[in-house]
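**Q** Dropping the structure in here first, questions after.
The values are calculated or read from the model by the stated rules, or taken from the named source; none is laboratory data. If you're wondering where the values come from, they're calculated on a predicted model, not measured in any experiment. Neighbour counts are summed over all protein chains in view; Cβ atoms, including those assigned to glycine, are modelled from backbone coordinates with ideal geometry.
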Amino acid sequence: MIAPGTLREGRPASVTLGASPRRQTNRSGRARKAATPYLLLLPALLVYCVFTVYPVFKQFEISFFNWHIFPGASNPFVGWSNYTKAFHDPIVRTAVRNVLLYTAITVPAQMAIGLFAASVLTDRLPGSLFWRAAIYIPVVTSYVVVSWVFSYIFSSEGGIANAVAGFFSGHTEAINWTGQTWTAMAVIWILTVWKGIGWSFIIFLAALDGVPRDLLESARIDGASEPRVWRHVVIPSIRAAITFVLVLLVIGAMQAFTQFYEITRGLGGPYNSTQNFMMYMYQQAFSFFNFGYAAALASLLALVLFGFSWAEIRVLRQADL
Amino acid sequence: MSMTATGPGTGRGRTKPPAGRGAPHQPGLWGTRPKNALRLLIALALALLSLGPLMYMVSLSFQDNGYILGNTSLIPTHPTTSNYEQAWTENSFGHYFFNSIYVSLVTVAIVVVLASMAAFAFARYKFPMREAIFYFFLASLAIPNLLLLIPQYLLMDRLHLLDSLEGLICLYVSSNLPFMIFFLRGFFSSIPREYEEAFRLDGASTLKVLSRLIVPLSLPAIALVSMFTFSAAFDEFPIALTILNTPSNFTLPIGLADFIGEHTLAWGPFFAASVIATVPVVVVFLVTQRWARSGISLGGLR
């Protein structure tokens, strides 16, 4: 990757920058050197502050107003009332329940299957490059696309799912999977797990590379059973990856939107029963133009997620010691 | 974290057993003996499960639209390419396709440049507030970017970037930066300093060290995060749905959703369009995937 001769590896490693004939001893040179890291950071910081950090604060501000986007409209300050409204909104309650349920089901399933798949493929296996690619491909597909593929598979008009269900149950009447609350949710869960396995798989696969194989073997020779080998050798050495996958999957689950939106056609199911937090926020803002209320919902979720990530990282760090 | 940098493809050299028949097996996760047959069977099942729905989609895209409903065969019974013709010409799908390509390529290019510079500063310099600024970037990983949709919409409005692909790029760049910086910092730290010192002795400037030495050495990691960023930007739905208004500015996911609305039962062209939308990300993934393993294990995630 580097042209031979570009790197002078033959030079003694002890030669340091300070010994360079071009060393900068004058004050302006040293000041420039001190400024270098900041100059390198500047463009990224600038973009990040304008498009991510500023919106966080702006959102918090909006949440205290009855905010309208129409030009000329007045935006009266309403204090905490958007927040108290959220705590008494029955649809918020349903949405929270659905998000928690969705997280509790899809995150462990993705991690367990991903880790299992990684354990199958970590050691040499014929065709491993192909298996790896095949398992990962659903991750790179578009949620819009696969939501509709699953909608089609679970379609009430001759979808494969109904054919299979009919074959096993003997019932002939078609199930309207995406039209009922719990079956629609099940379709969303299955879709999410199917699409998510590859992501945790690829991270666990890299992590399992670092499991010391000789330690595995000596544990086995000492008579440790496989579950014990996993508990005492495998899991401890991939703890960082487990934390990482768990935190990011939970954050991802909390912001699930597209699959809910597409499977329930943007309506949140019958009587908002499959509503989810993100979709409700979106509806409040861009269908009903209650920007203040939607911003309050978003701020609440941001706070919860922030606290959650922080606590999760701490707990898992402590368990490491 | 403390692994040394190796080139692409050497990430798993350690577990490779000596060549030749009868060589002793390296002990693995599934026991000392490799249990290849069982593992192959499981791998096959997992691959079928993963690819099944997508193969079904490809098959349906070649099925005559009149015979699509109720079709349960994996091989098209009435094969045709008319779905593709219809998808590409109607609904200006080709246009959406190039919009998506444009947005995701520009996003990747900007993110790579900005993140490499920042990661280099974090990995190689000691300066006041270094850790604080690093965690300042990391903090946003805890907040889903979708949550900022409302203030970002207002910001786009004020900057006159609403309904423009450039506005979309700004938001994508910002939301992809932190992870890229985190990842590349881990990778850059693992590159031995001696290389850089030798380079500097020849009078190279910081930017030259970065562009001629650090970035070329880090290609596996950069390829990997570029792939993540590309597929994230190529298929991003909710932000694009909110920001874009004019059909000529639509990206693929919006164009697809639009498709279903207008021709409620045109499953054939829809699946053809879906295949067109899926091919680029799969190709990008297949090109970069050989680096995936070494890239992740060197990126500080091990």
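**Q** Just give me the residues in the stretch B:52-84 being part of a helix (DSSP H, G or I) and modelled with pLDDT under 80, in sequence order. Steps first, answer last, please.
**A** In the first step, residues of the stretch B:52-84 are kept if they are part of a helix (DSSP H, G or I); the result is B:52-61, B:65-67, B:82-84.
Once the filter is applied, which keeps residues that are part of a helix (DSSP H, G or I) and modelled with pLDDT under 80, the stretch B:52-84 yields B:65, B:66, B:67.
**Q** Just for helices (runs of 4 or more DSSP H) wholly inside the stretch B:204-294: which have at least 3 residues that are over 23 Å from the mean Cα position of the chain (by Cα)?
**A** Details: elements: B:219-234, B:238-243, B:252-262, B:267-288.
Passing ranges, in order: B:252-262, B:267-288.
**Q** Tell me which residues, restricted to the stretch A:126-141, are farther than 25 Å from residue A:162 by Cβ and not β-branched (Val, Ile, Thr).
**A** We begin by selecting, within the stretch A:126-141, every residue farther than 25 Å from residue A:162 by Cβ; these are A:126-137, A:139-140.
If the condition is that a residue be farther than 25 Å from residue A:162 by Cβ and not β-branched (Val, Ile, Thr), then A:126, A:127, A:128, A:129, A:130, A:131, A:132, A:133, A:134, A:136 are the ones that fit.
**Q** In addition: Is it the case, given these coordinates, that residue B:28 is crowded, with 17+ Cβ neighbours inside 10 Å, under 32 Å from the mean Cα position of the chain (by Cα), within 12 Å of chain A (Cβ to nearest Cβ) and at pLDDT below 80?
**A** Against the criterion (crowded, with 17+ Cβ neighbours inside 10 Å, under 32 Å from the mean Cα position of the chain (by Cα), within 12 Å of chain A (Cβ to nearest Cβ) and at pLDDT below 80), residue B:28 qualifies.
**Q** Of the residues A:292, A:307, which is in contact (Cβ under 8 Å) with a residue 24 or more places away in the chain and among the small types (Gly, Ala, Ser)? Walk me through how you get there before you give the answer.
**A** Details: A:307 fails: in contact (Cβ under 8 Å) with a residue 24 or more places away in the chain.
Going through A:292, A:307 in turn, just one is in contact (Cβ under 8 Å) with a residue 24 or more places away in the chain and among the small types (Gly, Ala, Ser): A:292.
**Q** Write out, first by first residue and then by second, each pair whose Cβ atoms fall under 9 Å of each other, whose residues are 6+ apart or on separate chains, and whose first residue, in the stretch B:192-208, is within 15 Å of residue B:121 (Cα to Cα) and facing chain A (nearest Cβ under 7 Å) while the second is among the hydrophobic types (A, V, I, L, M, F, W, C) and crowded, with 17+ Cβ neighbours inside 10 Å.
**A** B:206/A:40; B:206/B:120
**Q** Continuing with this model, one more query. So which residues in the stretch A:30-62 are in contact with a Pro (Cβ under 9 Å, 6 or more places away or on another chain) and of a type in the set (Lys, Arg), if there are any at all?
**A** A:58
**Q** Does residue B:163 satisfy the criteria of being more than 7 Å from chain A (Cβ to nearest Cβ), part of a loop (DSSP other than H, G, I, E, B) and either surrounded by fewer than 18 Cβ atoms within 10 Å (Cβ to Cβ) or on the phi > 0 side of the Ramachandran plot (or both)? Reasoning before the result, please.
**A** Values: more than 7 Å from chain A (Cβ to nearest Cβ): yes; part of a loop (DSSP other than H, G, I, E, B): yes; either surrounded by fewer than 18 Cβ atoms within 10 Å (Cβ to Cβ) or on the phi > 0 side of the Ramachandran plot (or both): yes.
So residue B:163 passes the test.
**Q** I'm checking my understanding of the structure. Among residues of the stretch B:94-119 that are within 10 Å of another protein chain (Cβ to nearest Cβ) and touching a Phe, Trp or Tyr at 6+ places or on another chain (Cβ under 6 Å), which one is nearest to residue B:194 (Cα to Cα)? Before you say what the answer is, go through the steps one by one.
**A** Residues of the stretch B:94-119 that are within 10 Å of another protein chain (Cβ to nearest Cβ), as a first pass: B:100, B:110-111, B:113-119.
Then keep just the ones that are touching a Phe, Trp or Tyr at 6+ places or on another chain (Cβ under 6 Å); that gives B:100, B:119.
On the way: B:100: 42, B:119: 18 Å.
So, considering only residues that are within 10 Å of another protein chain (Cβ to nearest Cβ) and touching a Phe, Trp or Tyr at 6+ places or on another chain (Cβ under 6 Å), the one nearest to residue B:194 (Cα to Cα) is B:119.
**Q** Can you tell me which residue in the stretch A:154-199 is surrounded by the fewest Cβ atoms within 10 Å (Cβ to Cβ), limited to those that are in contact with a helix residue (DSSP H, G or I) (Cβ under 8 Å, 6 or more places away or on another chain) and among the aromatic types (Phe, Trp, Tyr)? Spell out how you get there, then give the answer.
**A** Of all residues in the stretch A:154-199, those in contact with a helix residue (DSSP H, G or I) (Cβ under 8 Å, 6 or more places away or on another chain) come to A:154-156, A:159-162, A:171-172, A:174-181, A:183-199.
If we keep only those that are among the aromatic types (Phe, Trp, Tyr) too, we end up with A:154, A:177, A:189, A:194, A:199.
Working: A:154: 23, A:177: 22, A:189: 16, A:194: 20, A:199: 21.
Among those residues, the one meeting the criterion is A:189.
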